[in-house]
Amino acid sequence: MENREFGAGPATPVPHRGPVPPRHHAGPVTVTGLAVKVVVLGLTVGIAVWAAFPLVDAGAWAGLTLLVAATAGLCYLYLTRRYVPAKYLVPGTLFLLAFQVLPVLYTVATAFTNFGDGHRGSKQEAIVAIQTASVTQVPGSTEYALAVATTGDPATGPLVFLLTDPATGTVSVGDAGGLRQLAAEDVTVDAGGRVTAARGYTLLTIGQAGARSEEITNLAVPTAGGAIRSAGLSRAYEGKAQRTYDAGCDCIRDAESGKVWTADADLGAFVAADGERLAQGWKVGVGFQNLTRVVTDPNISGPFLRTLIWNLCFAVASAGGTFALGLLCALALHSPRVRGRTIYRVLLILPYAMPSFAMLLVWRDMFNTDFGLLNNLLGMHVDWFGNAWSARAAVLLVQLWLGFPYMFLVATGALQAIPAQLTEAASVDGASRWQSFRRITLPLLLVALSPLLIASFAYNFNNFNAIYLTTEGAPFPADNPSVGATDLLITYTYRLAFGGQGAQYGFAAAISIFIFTLVAIIAAVTFRRTRQQEEVYS
Amino acid sequence: MRIRSAGVAAAVALALAAAGCGGGEEPNTTESPRAAGGKLVIWADDKRTAALKPFAEKFGQANGVTVEVQAVANDVLQTTFVTASQQGSGPDIVVGAHDWIGNLVQNGAIDPVQLSATQKNAFHPTALKAVTFSGQTYGVPYAMENLALIRNTQLAPEAPRTIEELVATGKRLKADKKVSEVLCLQVGQNGDAYHIYPLYSSAGGTLFGTTPEGDYDPKNLGVGTPESIAAFRKIAALGEKGEGVLKRSITAENSISLFTGKKCAFLVSGPWAISDVKKAGLAYDVTPVPGFAGAGPARPFVGVQAFYVAAKGQNKAVAQEFAANYVSTPELAVALYQADPRPPALTAALDQLMGTDPDLAKFLDAGKDGAVLPAIPAMAAVWDPFGKAEAAIIGGADPAATLTSAGKTIAGQIK
């Protein structure tokens, strides 16, 4: 079909692709135009400069290069008089790249990793976390009162710990070289034994110490049993890392039990011979594992088809139902014979003006079996969310109420745009009201509204809130708590990816690829059909 | 040409101005933090942020440190913290529930806090046990919470000693048209593992076995075992197809308002319900949740709120100092109690408040037999399937089949 418009058949003129001399067809430079250009470009450069600082801080040179290139390119493009088409296309293309293409690529890349809780950082970070978490106080060791001091300038001088043994009151100075006792006459201590002044040393205030926090945390004074480390800025303890990383065997060894956990690059975790894993893992590529899991895991692939069918029904019924009701109301109020049309229209639009988030929660409570408004008002005792079909009817009812005002609004607008002469002409020709609606009004309406219907379908296909804030997928069969009767693919997969063992972003990304593919296929097919329709009616 | 160069000059001037405005928001981070004497950033939820601010400022002024307390909504605080920590933009200290510890540790997001023996002794032993994970103390506790039975003393003057007594009293009141529900215990459409646990544990059910060291053992799952099925048979007898005491229509949203509206004489809830009950002007009493007759005591979960030191914070030394030596002062614990009335974890603060608030001791007593809420990451896999099994069984499903499949689902999700 497109070929008729864009095809390169012999009859269609081929656009001239040769070198085009620069054409200065722009009008004279107006003051307003120049001012707008200067302000917008200035803001762009301003944002770029603002974004550059954190990039420089983090040493992200690739990002910085991209930022500079993009900004320079934009400035050049709008300060030169050439490349007029690009002036129109570039902003949209940039936004498309930043907000559509990049997230999609990032999602796809994530789908091939085990990124998630317990596997967020690098292997080095995992090793640091394991070692830090295993530092325990050496049994029976002394707890020192601590003062952080330096022999030089408080901001830059070498750091030492002034440590008071609470039992004996002796004061020692400790640094990376070890512990040395200080003469009692050289130091002044307070009631708690903490050093307040020492000859040859400058004590750091908490503020000064805070500025050198990292050095203080990393300072360990070696002792026979382990090392003295700071616990805050006023106490120190003798601690020992129970688990240490050994680069030779690429493993973690427990000093006490002698147990060894070897790094497994496929799992991104340290695994012991008995299969026990250390909780702190790291991010690794897992290939197609996440994608194949969707297909092979019977818990996921089993209910997938059933959920997909209900998902399609939900989206079609939501979009179609709201459209039908909205159109009905619009038609009823289109007739000039109705008195007080404005007030009716305002009333009908009201639900649209309320925040759907709150309304979904209110509706959920109205469906409560014993205390809900619906059952109490109608004198019924229906377990709305306890039965598959009543729960489905309930969510569709809520969707209808939330969605029809919008359809009413757009249908009213579209109806007013259809010239009255067309229907008048039809009635002169002897068409009944139904015939003129069916043959003239509806087709013309659909030309205008079908993109909106497709958008509504796509939105409802992934309408997470509509389910999660009402039934949460209920009712669930007693033998399968992972998929409920009103679950959409998105709520179902959300539970799979984030419900069980914390967040599994890699797996969630794999599932979103599947959903993306499904929605893309459906949208492509529908757009193709609408285009045919438009051609028929235009 | 002249116009164009003027334009370029103007654009550059504007750019610098815009950059200046943008940078103005965080002068301390873009300029040298050394000059400012270090900065301590604390993340907490809205309520606690307000209570913490004056204390944080006092600490900052006394020590020449800039302290910032930033509010993050409670339901996203944990995930935001983990994500921000990973990127290096997280805080130095975070305030949250102790059952986060397992997840925070596996993500390398928090560091152990070294407390001295004297400091440890100042805390309620249960609170200290809750923040201990794999033998390390990971947080400084400040408040505890657990479920209790809140009773309308006008309708039910006597505290029931067993569930059976409670049901008998409730049914009599219902027959007399004084109430419409026997018991307000929230179940909801998809169940509520936290609120059913006292009854489940009284009837002999467990979630996890324990290791020889006394920690919860994720490999020893208690859901789906014969004991758990037997426990749920007792719960099913109270369900919609049985006595009609437990109902899915009583939810997290309506259970407290049903009680304050005198629709039921008994409410199973925590310290957070008390302000509503007081506002309604009810005569009430707080007692332990009763167990089944002839069975074990009801063991509500005990949760603890704590301060954690971020592993990837910028200012760990000061953060450690703040958490270990400043948080454990009774004044701060009292201020946090006033922001949100839960029993303080610090024994000294508890004693100080006990005189003015008799409910504190009663809640503490109700949690005496309590089980520390499991902090192991495997617990995340339990909540949802266990809750749904509960809802299904209360709705009339067969306990054996439902619980067996819930156990399978949970076991499949635990690594």
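Ranking of B:398, A:383 by neighbouring Cβ atoms within 10 Å, starting from the fewest: B:398, A:383. Its relative contact order, with pairs defined as Cα atoms under 8 Å and 6+ residues apart, puts chain B at 25 percent. Note on residue A:244 and residue A:529: with the Förster distance fixed at 45 Å, the Cβ-Cβ geometry gives a FRET efficiency of about 0.10.
Obtain the radius of gyration and the Kirkwood radius of chain B from its C-alpha atoms and give Rg over Rh.
Numbers: Rg = 25.1 Å, Rh = 23.5 Å.
With Rh from the inverse mean 1/r over Cα pairs, Rg/Rh is 1.07.
Taking a ≥ b ≥ c as the square roots of the eigenvalues of the Cα gyration tensor, segment A:30-111 is classed as oblate, since a/c reaches at least 1.5 and a/b does not exceed b/c.
For chain A, the longest principal axis of the alpha carbon atoms and the long axis of helix A:505-537 meet at an angle near 20°. Before anything else, pin down the relative contact order of segment A:299-537: Cα pairs under 8 Å, at least 6 apart, normalised by residue count, whole percent. Contact order relative to length: 25 percent. Applying a 4.7 Å Cβ-Cβ cutoff to chain A leaves A:75, A:313, A:329 as cysteine residues with no disulfide-compatible partner. Counted by neighbouring Cβ atoms within 10 Å, the residues B:124, A:334, A:381, B:195 run from fewest to most as A:381, A:334, B:124, B:195. For residue A:259, a cut-off of 21 angstrom between C-alpha atoms picks up these lysines, skipping any fewer than 8 places away in its own chain: A:123, A:240, B:219, B:415.
Is any residue of segment B:306-326 close enough, with backbone N under 16 Å, to a label point placed 7 angstrom from the Cα of residue B:352 along the Cα-Cβ axis, and if so, which? Answer for segment B:306-326: B:325-326.
Of A:173, A:382, B:94, how do they rank once you tally other Cβ atoms within 10 Å and put the fewest first? The partial results should precede the final answer.
Values: A:173 23, A:382 16, B:94 30.
Lowest count first: A:382, A:173, B:94.
Could you please report the charge total around residue A:377, scoring K, R as +1 and D, E as -1 over all other residues with beta-carbon less than 14 angstrom from its beta-carbon?
Within the 14 Å Cβ shell, the charges total -2.
Once the gyration tensor of the Cα atoms in chain A is diagonalised, the equivalent ellipsoid follows with semi-axes of 65, 36, 26 Å, ordered largest first. Candidate membrane-span-like segments in chain B, meaning DSSP H helices with Cα atoms spread over at least 15 Å of their own axis and a Kyte-Doolittle mean of -0.5 or above, are B:2-23, B:74-87, B:163-175, B:226-237, B:380-394, B:399-413, with no membrane implied. The longest part of chain A holding none of the exposed loop trypsin sites (Lys or Arg not before Pro), meaning those outside H, G, I, E and B in DSSP with at most 11 other Cβ atoms within 10 Å, is A:340-538. A Förster radius of 56 Å, combined with the Cβ-Cβ distance separating residue A:69 from residue A:358, puts the computed FRET efficiency at roughly 0.75.
Assign one of three labels to the protein assembly as shown, namely rounded, prolate or oblate, based on the Cα gyration tensor with a ≥ b ≥ c the square roots of its eigenvalues; rounded applies when a/c is under 1.5, prolate when it is not and a/b is larger than b/c, and oblate otherwise.
On the way: a/c = 2.00, a/b = 1.21, b/c = 1.66.
Because a/c hits 1.5 or more and a/b fails to exceed b/c, the protein assembly as shown counts as oblate.
Determine the calculated [θ] at 222 nm for the protein assembly as shown from helices alone, applying -39500 (n - 2.57) to every DSSP H run no shorter than 4 residues and normalising by the residue count; nearest 500 deg cm²/dmol. Spell out each step's value before the answer.
Numbers: 40 runs with 470 residues, N = 953.
Only helices count here, giving -15000 deg cm²/dmol.
Rounded, prolate or oblate, given the Cα gyration tensor of segment B:285-343, with a/c below 1.5 counting as rounded? Since a/c reaches 1.5 and a/b is larger than b/c, the shape of segment B:285-343 is classed as prolate. What's the angle, to the nearest 10 degrees (0 to 90), between helix A:31-58's Cα axis and the longest principal axis of chain A? The helix A:31-58 is inclined about 40 degrees to chain A. Dipole magnitude for segment A:299-537: computed about the Cα centre from +1 point charges on Lys and Arg Cβ and -1 point charges on Asp and Glu Cβ, it is near 640 debye. Relative to the first principal axis of the alpha-carbon coordinates of chain A, what is the inclination of helix A:489-498, with its axis defined by its Cα atoms, in degrees from 0 to 90 and to the nearest 10? For A:489-498 against chain A, the angle is about 0 degrees.
The residue A:440 and residue A:342 beta-carbon pair, evaluated with R₀ = 30 Å, returns a calculated FRET efficiency of approximately 0.70.
Laboratory data are not the source of any read-out in this text; all were calculated from the coordinates shown. Please read all numbers here as calculations on a predicted model, not as lab measurements. Cβ coordinates were reconstructed from backbone atoms using ideal geometry, including for glycine residues, and neighbour counts include every protein chain displayed.
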